[in-house]
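Please read the structure below before turning to the comments.
Rule-based calculations on the coordinates, nothing more; no lab input. This is a predicted model, so every value here is computed, not measured. Cβ placement follows ideal geometry from the backbone for every residue including glycine, while neighbour counts extend to all protein chains displayed.
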Amino acid sequence: MFRPLILASTFLTAGLAATVLPVMPAHAQDEPLRIEITDGVIEPMSIAIPAFHGDEEVAAKVRQVVADDLTGTGLFSEIPAEAQVARPGSFAEPVSYEDWRAVDAQALVTAEVRQMGENISVRFRLFDVISGQPQGDGMQFDARAADWRRAAHKIADQVYARLTGERPYFDSRIAFVQETGPKSARIKRIGVMDYDGKNTLWMTNGASLVLAPKFSPDGTKILYTSYDSGFPQIRLLDVATVTSRALTQDAQAMSFSPSFGPKGQSIVYSREQGGNTDIWLMAPNTGAGRPLTDAPSIETSPSFSPDGQRIVFESDRSGSPQLYIMGVDGGEPVRISFGDGRYGSPVWSPKGDMIAFTKQVGDRFHIGIMRTDGSGEKMLTESFLDEGPTWAPNGRVVMFTRVTPGGNGQPRLHSVDITGRNMRPMNLDFAASDPSWGPLMQ
Amino acid sequence: MINAATKPALLMALLGLAACAQPAPQSAAPVVDPYANTGGGAVFQGNVATGSLGNQATAEYFRSEVGDTVLFAADQTTLDADARAILARQAQWLNSHGGFQAVVQGHAEETGTREYNLALGARRASAVQEYLVAEGVSPGRIRTLSFGKERPAATCSDESCWSRNRRAVTVVSEAGPGA
């Protein structure tokens, strides 16, 4: 039973187009292969990703990125090439499930990569080796050759989503601050890179101190705090054109810690006047702001809920920094953190169910998560100084800044699964802080 | 925070202290200094013959002789006796050097989140500004900003450095034309 090529969905950005491939002859699937992500000890799913067919050089590069994406989650272990006894002679050749069972593969990814001038075409299939059938449709991604990494991330995203049941996140980008120079006079500039640290683009030149970039929900804009006027003010950056403009310029007030609402239509931020910091709301087009809190205490680090109805923030109104939630029109906030220690930089999960935060207990720092009512608090990390969590677009992984102590101390980006497993430093050749994870790209 | 009820008494006491600590101004003769901006109606009463730097009407004199930095306890914005003594001297200098403006930079130690430390540094800068204004400096001459934990004075990661980074630094500069 074959059906013709169907345009399943179009990935417009960067010219990535996806097509569903003809379905392989298969039985009806009632229980797809699935790795459950739970808090318990997890046995990674063994996956075989034999050499991709097609044009050897680009096929090898794409295969490596797919393998790195999947194994980097800690959820999959790759069957080494030496152990593999079978490789189909072509992409279209039927899979010999017995051969893959023999090496204990549970899942199998096959693919073909063809380069035609400035373009590449990548086709892949995923198989459930245990039950001996394809898992989902084959797909074809067409892209500019320069976007081969994105095509690889798209394949890995499909495999991850089908095998975990979660939304994917590999084809996404991170905004961050690169740090150079001595600790007492850091030079900071904003960059954007792929989620795996590749393809860095610089957004500012280091001439002004810049802090805490935050992606817009569509990934086209970045909010940040800049000292370019000599005083901290909020700027809005267009990623494609690398141009920015000031959103606040009140000489009597310091504005900082901005972040977008879920539709990008509003911005919450901290505004300080006369030593007192409150939360304000602004429309980015007009720049007109109004206060949401009016208290003599410090109110900062606001973050919208994904439905745009609530805002979580940090306040020391109780005497120490704690987390509070209020409605989008302000009103009386509800305190949600009650543990020992000082809480800060809360960020609402894109799924809406959790809040990630920074917590200081004694002289140690943690990245933690809790439900939005404050229950289920769990620490994911511990070090001299961890701070500033940001959520992967699927709400499964948190990235943050870890700073090492001392005069030569450096910030490094790390990521951790919300189960607390799979803590990994980002593989970058520079020091970096303040990550902001952008959306899954289309 | 400054306790408003006790402040006047403290100010009186500190003014006396500061006056003793400073070399007494000699005469009211204006200092003629080609580098000083006298257009703003400033009258400089310092004596060029005293002090290691000679000319008191410089940012460098303010930094090294008057004292530009006050320190704070962990997570605090209260001005202790040492801080108030330094600020009394700063106010006295600013009051006698009207051609200068001040920017008070608030700072915090590295422990604590970036955003909270920005807000904490702003509180510290504001506490200094309030004190200087209470001592007679025109509010329009003083701006504040916070660097949070971005610009530590000392870079080790223990209390010996953190105590030096919990600070507010008053930076003076000559007012530009039209200021």
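The protein assembly as shown: Rg/Rh from Cα coordinates, Kirkwood Rh? Write out the running numbers ahead of the final one.
Values: Rg = 29.6 Å, Rh = 27.2 Å.
Dividing the radius of gyration by the Kirkwood radius yields 1.09.
If you take each beta carbon of peptide B:103-113 and count the beta carbons of other chains within 10 angstrom, what is the mean? Walk me through the numbers before you get to the answer.
Values: counts 2, 0, 0, 3, 0, 0, 0, 6, 8, 8, 17.
Counting other chains' Cβ atoms within 10 Å and averaging over B:103-113 gives 4.
If the label point is 7 Å along Cα→Cβ of B:SER138, which residues in the stretch B:73-97 have backbone nitrogen under 17 Å from it?
Only B:91-97 fall inside the zone, counting backbone N under 17 Å.
Report the calculated FRET efficiency for A:ARG144 and A:ASP373 (r = Cβ-Cβ distance, R0 = 56 Å), to the nearest 0.05.
With R0 = 56 Å, the Cβ-Cβ based efficiency is 0.75.
Can you run phi through the Karplus equation (6.51, -1.76, 1.60; θ = phi - 60°) for the stretch A:156-163 and list ³J(HN,Hα) in whole Hz, with x for Gly and Pro?
So the J values, rounded to whole Hz, are 4, 4, 4, 5, 4, 5, 5, 8.
Loop by DSSP (not H, G, I, E, B), at most 16 other beta-carbon atoms within 10 Å: where is the longest site-free stretch of chain A for trypsin sites (Lys or Arg not before Pro)? Working shown, then result.
Details: sites that count: A:ARG34, A:LYS198, A:LYS263, A:ARG317, A:LYS351, A:ARG421.
That gives A:35-197 as the longest site-free run.
Are there chymotrypsin sites (Phe, Trp or Tyr not before Pro) in the stretch A:300-361 that DSSP puts in a loop and that have at most 16 other Cβ atoms within 10 Å, and which ones? Each step should come with its number before you reach the end.
Values: sites: A:PHE304, A:PHE313, A:TYR324, A:PHE338, A:TYR343, A:TRP348, A:PHE357; in loops: A:PHE338.
For chymotrypsin sites (Phe, Trp or Tyr not before Pro) across the stretch A:300-361 that sit outside H, G, I, E and B with at most 16 neighbouring Cβ atoms in 10 Å, the list reads A:PHE338.
Calculated FRET efficiency, A:ALA60 and B:SER64, Cβ-Cβ r, R0 51 Å, to nearest 0.05? Each step should come with its number before you reach the end.
On the way: r = 64 Å, r/R0 = 1.25.
That gives a FRET efficiency of 0.20.
Once amide H atoms are built 1.01 Å from N in the peptide plane, which residues 5 or more positions from A:MET354, or in another chain, come under 5 Å H to H?
Distant-sequence amide H within range of A:MET354: A:SER349.
Ignoring GluC sites (Glu not before Pro) that are buried or in helix or strand per DSSP, and keeping those with at most 14 other beta carbon atoms within 10 Å, what is the longest stretch of chain A between them?
Details: sites that count: A:GLU36, A:GLU118, A:GLU382.
That gives A:119-381 as the longest site-free run.
Provide the FRET efficiency to the nearest 0.05 for the A:ALA81-A:SER229 pair, computing r from the beta carbons and using R0 = 51 Å.
On the way: r = 56 Å, r/R0 = 1.10.
In this case the efficiency is close to 0.35.
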